[in-house]
Amino acid sequence: MKSEQILLAEKLKLSGDHKGAINVLEDILKADLHSTQALEEMGDNYLSMREFEKAQKALRFALRIDPISANAHYLLGFTHSCLNDFDESIKELEVADKIEPNHPEIIRCLGWSFYNSGKKQQGIVLLNRANSLAPNDPLIMCDLGVCLLNSLNFEEAEAIFNRILSIEPDNLQAIECLKACSHFKSQ
C-alpha cells in the first residue's frame with residue numbers, strides 16, 4: 001500500500017500537483033511517521049513550491065531517522081543553494097557525494113554552490129565532471145554554460161548552449177544565454 005501511495009505522490013509531483021502529492025504523503029506519515037521516503041518526497045514537493053522552511057523541516061526530520069540518506073542530504077543542500085546559503089549547501093552536498101559518489105545531479109549542485117560561493121574554478125571543474133557523467137543533461141549543461149558565461153568564457157559557453165539546443169531546440173534558457181554571449185562578445 002505504501003509503495004503505491006509513494007508512486008501516486010510521485011505522479012502528482014511530476015504533474016505539478018504538489019499539494020495533492022503532499023496530501024498523499026501526509027497520509028503515509030500518519031500511518032508511519034518514520035517513512036524517510038515520504039519525508040524526502042514531502043521536502044522535494046515543498047522545495048518545488050518554494051516553501052523552503054517546510055522543505056528543510058521535512059528533510060531534517062528524514063535525516064534524524066536516516067542520517068545516511070544521500071537524497072535527503074542532496075535535497076537539503078539544494079534548498080540551501082536556493083536560499084543562497086552556499087556554505088551550508090556545500091556541506092550537505094559533500095555528505096551526499098560521499099554517500100552516493102559520482103551522482104551527476106549531486107555533483108551539478110555541488111559545482112553550482114562552489115561557483116557561487118566564490119570558488120569559481122572548483123565549481124567549473126565539478127560541473128565539467130557532472131557533464132562527463134551525464135553528457136546530454138540540459139540542466140547540467142545550462143549550469144556549466146552560465147558559469148562559463150559569467151566567467152567571460154564566451155566561446156565555451158556558446159558551444160555548451162548550442163549543444164543544449166541540439167538536444168532541446170526550444171530551451172529558453174539556452175536561447176537567452178546565447179543572446180547574452182553574442183551581446184557580450186560584440187562589446
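Scanning the stretch 112-138 for residues that are open to solvent by less than 70 Å² (accessible area, probe 1.4 Å), out of contact with any Phe, Trp or Tyr (no Cβ under 6 Å at 6 or more places or on another chain) and not in a helix (DSSP H, G or I) yields G118, A134, P135, D137. For R60, the conditions (1) under 15 Å from the mean Cα position of the chain (by Cα); (2) closer than 21 Å to S113 by Cβ all hold with the exception of (1). The set of residues in the stretch 69-111 that are outside any helix (DSSP H, G or I), of a type in the set (S, T, N, Q) and open to solvent by 20 Å² or more (accessible area, probe 1.4 Å) comprises N84, N102. For the stretch 34-50, the candidate set comprises residues that are open to solvent by 60 Å² or more (accessible area, probe 1.4 Å) and either in a helix (DSSP H, G or I) or not basic (K, R) (or both); within that set, the residue that is farthest from L76 (Cα to Cα) is H34. The C-beta contact set for the stretch 80-103 (first residue more than 21 Å from I68 (Cβ to Cβ), second residue surrounded by fewer than 21 Cβ atoms within 10 Å (Cβ to Cβ), distance under 6 angstrom, 6+ apart or interchain) comprises L83/F52; F86/N116; F86/S117. Candidates are the residues of the stretch 165-187 that are in contact with a helix residue (DSSP H, G or I) (Cβ under 6 Å, 6 or more places away or on another chain) and either touching a residue at least 40 places away in the same chain (Cβ under 8 Å) or closer than 22 Å to C82 by Cβ (or both); the one that is least open to solvent (accessible area, probe 1.4 Å) is A174. Being in contact (Cβ under 8 Å) with a residue 12 or more places away in the chain, surrounded by fewer than 16 Cβ atoms within 10 Å (Cβ to Cβ) and at negative phi is true for just one of A9, A31, A21. Which residue is that? Only one candidate passes the filter, namely A31. All of (1) open to solvent by 10 Å² or more (accessible area, probe 1.4 Å); (2) out of contact with any His (no Cβ under 7 Å at 6 or more places or on another chain); (3) more than 25 Å from S132 (Cα to Cα); (4) not charged (D, E, K, R) hold for I65 with one exception: (2).
Applying a threshold of 8 Å to beta carbon distances and a minimum spacing of six or more residues, or different chains, the list of pairs starting in the stretch 138-156 at a residue that is modelled with pLDDT of 95 or more and ending at one that is surrounded by 24 or more Cβ atoms within 10 Å (Cβ to Cβ) and among the hydroxyl-bearing types (S, T, Y) reads C147/Y115.
The values are calculated or read from the model by the stated rules, or taken from the named source; none is laboratory data. Just so we're clear, the structure is a prediction, and the values are computed from it rather than from any experiment. Positions of Cβ are generated from backbone atoms using ideal geometry, with glycine treated the same way; all protein chains shown enter the neighbour counts. Quick note on the areas: whole protein, heavy atoms, side chains included, nothing else; ligands and nucleic acids left out. Shrake-Rupley method; radii C 1.70, N 1.55, O 1.52, S 1.80 Å.
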